[in-house]
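J.: Can you read through this structure? Questions will come right after.
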Amino acid sequence: MLLTCWSVKGGVGTTVVAAALATTLARIHAADGGALVADLAGDMPVALGLPDPRDPGLTGWTAAGDDVAGDALARLELSVGPGLALLPRGRGRPGPAERHRVLARVLGADPRPVVVDAGVVTAESPVLPLVAEATRSLLVTRACYLGLRRALEAPVRPSGVVLVTEPGRSMGAADVESIVGAPVVAEVPIDPTVARAVDSGLLSTRLPRALERPLRRAA
């Protein structure tokens, strides 16, 4: 199962949602090998409380071409904690879309559930195949007019939306569903406990209920 979290605008919380979703899946599937999170955006180690691994990473794998086999990905994995492994982004520029299409197939064949943090995705993004070919493509957004306007121009329709809610917004889940054309599968409130968990590096070990409860349903 390949779940890709992505956005059309930065700063909406895609990395935190992906990290929390991967942590939740690792707990659900603890007896079956846990879960894997693939970082294509670059901030996942910080969100999970890990030092920056720098290289090697997925950028090097995708840029290396067909000479690097799919099983080389396993050597890039870092342990986050019980049942959860990380494929870091690495340094440098990512490879072409075709190599990311291969990456999507390799990750999709992994027996563990795999969560991808694809970051901001546009029509020119080489990571687009990870969104288009995911088992579940989850757009992370806020009920923000500018963000939803960009979602209308997205190169692919999501299969579901993770809505990050904040007080004072005039639009709700029904409005987002109508604009995006996909169901809201989870509503995640902006909560200070989440920020504290991220800042202290405890997101993977002390997942706030404000994240776990709604994302468990999305998983």
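Every number here is computed from the coordinates shown, using simple stated rules; none is lab data. Just so we're clear, the structure is a prediction, and the values are computed from it rather than from any experiment. Heads up, the Cβs are rebuilt from the backbone with ideal geometry, glycines too, and the neighbour counts pull from every protein chain shown.
J.: Dimensions of region 37-146 along principal axes (Cα, Å, largest first)?
T.: 42, 31, 28
J.: Let me know the charge dipole size of region 2-218 about its Cα centre in debye, to the nearest 20, where only the beta-carbon of Lys, Arg (+1) and Asp, Glu (-1) is charged.
T.: Here region 2-218 has a charge dipole of around 380 debye.
J.: With each pseudo-label sitting 7 Å past Cα toward Cβ, what's the Glu166-Leu202 distance in nm, one decimal?
T.: Between Glu166 and Leu202, the simple spin-label model gives 2.5 nm.
J.: When Asp191, Asp71 are ordered from fewest to most other Cβ atoms inside 10 Å of their Cβ, what list results?
T.: Ranked by crowding around the Cβ, least crowded first: Asp71, Asp191.
J.: How tilted is helix 209-218 with respect to the longest principal axis of the chain? Cα atoms for both, answer in degrees (0 to 90, nearest 10).
T.: Computed tilt is about 80 degrees.
J.: What net charge is computed for the residues neighbouring Lys9, neighbours being all others with C-beta under 10 Å from the C-beta of Lys9, Lys and Arg scored +1, Asp and Glu -1?
T.: +3
J.: Quote the relative contact order of region 154-219 in percent (integer), defining contacts as alpha-carbon pairs under 8 Å separated by 6+ residues.
T.: Rounded, it is 32 percent for region 154-219.
J.: Relative contact order for the chain using alpha-carbon pairs under 8 Å, separation at least 6, rounded to a whole percent? Please report the intermediate quantities before stating the final value.
T.: Details: 478 pairs, mean separation 62.6, N = 219.
Relative contact order, the chain: 29 percent.
J.: Also, quick follow-up: Given a cut-off of 27 Å, what percent of all Cα-Cα pairs of the chain lie beyond it? List each step's numbers first, then the result.
T.: Values: 6287 of 23871 pairs.
The proportion of pairs with Cα distances above 27 Å equals 26 percent.
J.: Still on this structure: By per-residue mean of other Cβ atoms within 10 Å, what is the highest-first order of 163-169, 44-50?
T.: 44-50, 163-169
J.: Using 0.36 nm times the number of residues separating Asp32 and Arg149, minus their current alpha carbon distance, what extension gain do you get?
T.: 38.1 nm
J.: Any chance you could give the angle, 0 to 90 degrees and rounded to 10, that helix 97-108 forms with the longest Cα principal axis of the chain?
T.: Result, in degrees: 90.
J.: Hey, another quick one. Across the chain, where is the longest run that never hits GluC sites (Glu not before Pro) in a DSSP loop with at most 10 other C-beta atoms within 10 Å?
T.: That would be 1-123.
J.: Equivalent ellipsoid semi-axes for region 21-86, as square roots of 5 times the alpha carbon gyration tensor eigenvalues: give them largest first, rounded to whole Å. Mind dumping the intermediate values first?
T.: Details: eigenvalues 98, 45, 16 Å².
Three semi-axes, in Å: 22, 15, 9.
J.: What is the helix-to-structure angle for 14-28, meaning the angle in degrees between its Cα long axis and the longest Cα principal axis of the chain, kept from 0 to 90 and rounded to the nearest 10?
T.: Roughly 70 degrees between the two axes.
J.: With springs only between Cα atoms under 10 Å, which of Ala197, Ala74, Ala38 fluctuates most in a Gaussian network model of the chain?
T.: Of Ala197, Ala74, Ala38, the most mobile in the Gaussian network model is Ala74.
J.: Same structure, new question: So what's the Cα pair-distance distribution over region 126-197, bin width 10 Å, in %?
T.: The calculated distribution, bin by bin, is 19, 49, 26, 5.
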